[in-house]
Structure formats: C-alpha cells, structure tokens
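The next block holds one structure in the form of structure tokens; read it before the comments.
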Amino acid sequence: MKSTQQLERQLKRHSKAARLESWGRFISFSALLLIVAVVVGIIGFVASKGIATFATNHVSLWDFLTEKTWNPNIKDAHGNPEVGALPMIVGSFLITILSAIVATPFAIGTAVFMNEISPNRGAKILQPVTELLVGIPSVVYGFIGLSVVVPVTRAVFGGSGFGILSGTCVLFVMILPTVTSMSTDALKAVPRYYREASLALGATQWQTIYKVVLRAATPGLMTAVVFGMARAFGEALAVQMVIGNAALMPSSLVAPASTLTSVLTTGIGNTVMGSLQNNALWSLALVLLLMSLVFNLIIRLIGRKGRMQA
Amino acid sequence: MNSKTQNKMAIGALYGIAGFVVLILLALLGYILISGTPQLSWHFLTAPAKAFLKGGGVGVQLFNSFYLLFLAMLISFPIALGAAIYLYEYAKNNWLTTTIRTAIEILSSLPSVVVGLFGFLFFVVKLRLGFSILSGAFALTFFNLPLLTRSIEDSLRTISETQREGGLALGLSRWETVTKVILPAAVPSILTGVILSAGRVFGEAAALIYTAGQSAPALNFMDWNPFNISSPLNPMRPAETLAVHIWKINSEGIMPDAKAISSGSSAVLVLAILIFNFAARYLGKRLYKRLTSA
C-alpha cells in the first residue's frame, strides 16, 4: 500500500522544469503587478492630497477653477482663502496650444520632406539629429531659453523678456523633435502602393502628398501632435525658467505668467505639509494629472478611429 | 496656377521648412557645445561646487548623476525585464492585459514633476527616507519603468516566432525557452534600449528636485564605506545631480560665474547623451555580430 502511495506522489509531483516554469511566471507577473501598483499609488496619493483642499479646507471647486487670484497665504473679504487657479490653468493651456500650433507645420513639413521628397538626406542628416534632440534634457532647453530666448524677447518687445512668448519658443523647440519623429513614423506607415496609385493617375508629387499621403496618415499625425502637447503641458523646469513665475492672469504674451508646473516646482518646497497652501498646490498637481489622463484618452480615441477607417 | 507650378512651389516650401528646422536644431547643438566646451577642464569636472565664489566645479554633481543612474537602473531593469517577459510571452489577449497596458501607458505619459511629487510624498515624507539618493533612485525608477518595459517588449517582439517554436519543440518549458533561447538572442537590442533610457534618466531633473534634493554635501572620495555620511556610496545622503544643478543655479544661484557653470554643465549633459547614443548603436551592432555570427 505504502509503495503505491509513494508512487502516486512521485507521479503527481511537478517536475523541476514545471516548478521553474510556474516560478518564472510568478516572478514576471509580480514585476508587472508592481508597475500597476505604482500607477494606482501615484493616482491615489495625488488625488487624495489634491482633494483635501476641497474636503478639509472647504474651498469650493468652482472658485478654485474660476477665481483669478492665487494667494493662498491671504484670506479674502469673506474669509475664504484666495486659491484661484485660473491664471495657472490658462497659462498652461495657452503655452501648450501656442507651441503646438507653431510646431505642427514645421514638424509635419520636416517629416514629409524626410519621407517623401528626400529620403536619402532625411535618413542621413535629419533622422539622427532629431533622434538625438529628443534625448536632450529639458533643463538644457531651459538654460538656452534663459540665455538666448529671453534676452532676444526683451530686446524686441521690451519688458523683462520672461513670459508666455519665451515659454512658447522654448517648448516649440523642445517638442519639435518628438512630433517630427512620430509624424515620420505615421507617414512611413502609409503603404507604398497608395503613392504609386496616385502618381499613376497623373497626380503631381504635391497632390499625392497633400491629397493621399497626409489624409491617410491623419490619425497618426494627430497622435503625434497630441503627444507633443502632452509633453508641453507636463514640462516643468524648462518652462519655469523662462516664464517669469508671476501667478497673474496673462495680460500679454510678453508679461510674466506662470503654469501649473512652474508654480508646483517653485512652491512645494516652501510650504508646510498638510497646510492649506500645500494642499492647494497638490490640487494643482491633481489638475495636471487629470489633464495627462485626458491627453491619454484623446490619443486612444484617435487611435481607435484611425483603425476603423483602415 | 496649374498643378505643376503648384507642385514646384509646395516642394520649395517643404525644402524651406526642412532647412529651417535643420538650422534650428544645429544652432541649438552648436550653441550648447560651443559655449560649453571651453568651460570643460579636469578641474571643472572634478572640483566641488562653490556657493558664492567663482571657479567651482561640478565633480560631486557628476558623481551623483552617475550613482543615481546606476541605482535607478539596478532597480528598474529587473522589474522592467520581468514585466516585459510576462506581457509578451505569457499574457493572454484579454481585458486584464489591456488594463495593464493602459496603466503602463498612463505612467509613461505622466509629467515627470508629478512622479517627483509622488516620490516626495511617499518616500521622503511617508517612509522617512528624507531627501536622499534612495528616494531619487525610486522616483527615477518610476519614471523609467514604462519606457524600459516597452523597449524590452519591442526587443522580444523582434525575435522570430520560429525560435520560440523551436524551444518548445525541444521540450523546454516556456520559461526555459525565454531564458535560454529568446533572451540571449534579444540581448543586443535590449542593451540598446537600456542605454538609450539611461540617457533619458541621466538628464532628468524635475523628478529629482524633491526626492534626491537640491544640495550636494561635500564628499570624501577616500571613504568607500556606504554607512559613513560623507562617503560617496552612502545612499541616504542628499544628492543634487548635474541636471538639477543647472536648474538650481539658474533660478537661485548666487555665484558670479553661474552662466559659465551652466553652459559647462549643459555641454557635459549633452556630451553624455551623445556618448550614450553612439554607445547604444555601436555596442548593439557589435554584440549582434558576435552573438549571431552574422
């Protein structure tokens, strides 16, 4: 009897390879879970801190999003703290949209040039240079903005030179390589026979590019632009160095302003954990986080729409 | 206007745009290297920074950058490798996998300042690690994980399906196939991905300001005991990196040669990125040749 039991156990036991297999599967799955936990942790922590302004300090969400005075140290006539985040929100959006508007034609134009007109030169010069520039640290962009863009703006438009315009210039150069290289990928994905068919119909090269290639690549190009916008929106240091850091409604493009990220970088170290001033900053971080989720969603929607057409 | 002239004009305009972009990009690189390289000297690269006087260097910051990079890579590589293996080799195509992929995408699109703030909240305050190399390394890990995972997954994708079938047909388990067949074949492209992501981590500053801190205490480079406070290896000391240093001296620096130091440091950063890029290409190609005897 005993020997049959032993035999049964021996037969039913997992082999060494099987144990190794489940072990490896377990390890690799835990690594994946860890990443998911990090994402959930970040969103959870920032959200819980960001909501504190409204939950514990009883600031109304509407006031936070629409009031124009950011001065968390002072209370207004009604005894409510002055935490109107509108100037920063406007600053962030303005700078993002402006830099995307400026960068898009250049990026797409360059991508078209690299892909359609001069693939040889594109591959030899433009591709390596853009790839390299994608990797340049943002503080370097900020430093160049500070030592080149700001003085030029000051000389041309007067004032201090700090402001939305300088920020836009810096972000334009910063997102240009990213948007260009993603647009190039989008154009590369357009099948060759589209172009051949168009040229065979007697279309000129420009007609082919404009009426066929760009139309077919639209979802990819839009993804590239939104991706660039997401990067511009979340960029902290390069913007903070050239924007002037005045939490005021931007009255002109050359007046000092601020963005969500710039207020966060300068402010979070100077406030006490758990105080209203600190909570208000975390609310700004929450806005930033939610916007990055929105950008993510837009990219997804574009991707889905693009797939259905194809 | 007939379509031929239109064609010529449009293509001329595209030439103009591309030329302009090349000009901007080259001017940018040229400016960094031309204004920065004259500052570089052995003294600049090794001397400690000075707060009020001229002639400080970036020795400590440079060391901190590399040490943080090393630690961040040490933590993030195994995690990213495991995650990528599971995602590509094991995961079924179902809602769970889709959700996980979405989570990774979200993490990669989060602004680095948000990642830094989370690091501040969690590691510096909650876990009481203080402004330290360790907090900074964790923040950089979070910043790096999604990018590295994706790049390793892409490397696994380039390995032909027949290799997997071959491994399984020989009676190897899936895990053995991955570790003995797929990974060795994928090493060159994984290495390229790792080096490229190292370049990104090396220049990151926003995630570090509130985790690794903004001060660089003097180090005693003779003391290699990681438990001593002045030892370079001590992971609990605050450590300003080169990128943070550039930001710091430009926003609140008071040394008279702040501009020279920033241009020197920018040049060092850009040169390091250049070296990372070339190393990635070169090593990738070389390893590929050696491993595949192509």
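Read-outs throughout are calculated quantities, based only on the coordinates presented, and are distinct from any laboratory measurement. Bear in mind that the values here come from a model prediction, so they are computed numbers and not experimental data. All Cβ positions, even for glycine, are placed from backbone atoms using ideal geometry, and neighbour counts span all protein chains on display.
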Report the trypsin sites (Lys or Arg not before Pro) located in segment B:49-143 that are in a DSSP loop and have at most 12 other Cβ atoms inside 10 Å of their Cβ, or state none. B:LYS54, B:LYS92, B:ARG128
Pick out which of B:ILE34, B:ILE195, B:ILE85 has the largest mean-square fluctuation in a Gaussian network model of chain B, springs linking Cα atoms closer than 10 Å. B:ILE34
Go ahead and collect, in residue order, the members of segment A:212-229 whose backbone nitrogen is under 17 Å from a label point 7 Å along the Cα-Cβ direction of A:LEU199. A:212-214
Amide H within-cut-off set for A:ASN71, under 5 Å, with H built and near neighbours excluded: A:GLU82, A:VAL83, A:GLY84
Taking 0.36 nm per residue of separation and subtracting the Cα-Cα distance, what length does fully extending A:SER252 through A:ALA17 add? 77.7 nm
Where Rh is the Kirkwood radius over the Cα pairs of segment A:192-282, the temperature 37 °C and the viscosity 0.692 mPa s, what D in µm²/s does Stokes-Einstein return? 193
Would you tell me the mean number of C-beta atoms belonging to other protein chains that fall within 10 Å of each C-beta in A:282-289, as a whole number? 3
How many lysine pairs does chain B hold where the Cα atoms are under 28 Å apart and the two sit 8 or more places apart or on different chains? 9
Test of understanding: in a Gaussian network model of chain A with alpha carbons linked when under 10 Å, which of A:SER92, A:SER30, A:SER48 would top the mean-square fluctuation ranking? A:SER30
Per 10 Å bin from zero, what fraction in whole % of the C-alpha pairs of chain A is there, up to the bin with the longest pair? 6, 20, 23, 21, 14, 8, 5, 3, 1, 0
For a label point 7 angstrom out from the Cα of A:MET273 toward its Cβ, which stretches of segment B:130-151 have the backbone nitrogen within less than 11 Å? B:130-131
With at most 11 other Cβ atoms within 10 Å, longest stretch of chain B clear of loop chymotrypsin sites (Phe, Trp or Tyr not before Pro) (DSSP): B:53-223
Could you work out, residue by residue across A:206-215, how many beta carbons of other chains sit within 10 Å of that residue's beta carbon, and then give the average as an integer? 2
Using only C-alpha positions, report the orientation-averaged shadow area of the convex hull of segment B:41-292, nm², one decimal. 15.8
Just how far, in whole angstrom, is segment B:95-137 from segment B:1-61 if you go by their alpha carbon centroids? 31
Cα-based Kirkwood hydrodynamic radius, the protein assembly as shown, one decimal, Å: 26.2
So if R0 is 30 Å, what FRET efficiency would B:GLN163 and A:GLU131 give, r being the distance between their Cβ atoms, rounded to the nearest 0.05? 0.55
Shape of segment A:2-55 from its Cα gyration tensor (a ≥ b ≥ c, root eigenvalues): rounded if a/c is under 1.5, otherwise prolate when a/b > b/c, or oblate? prolate
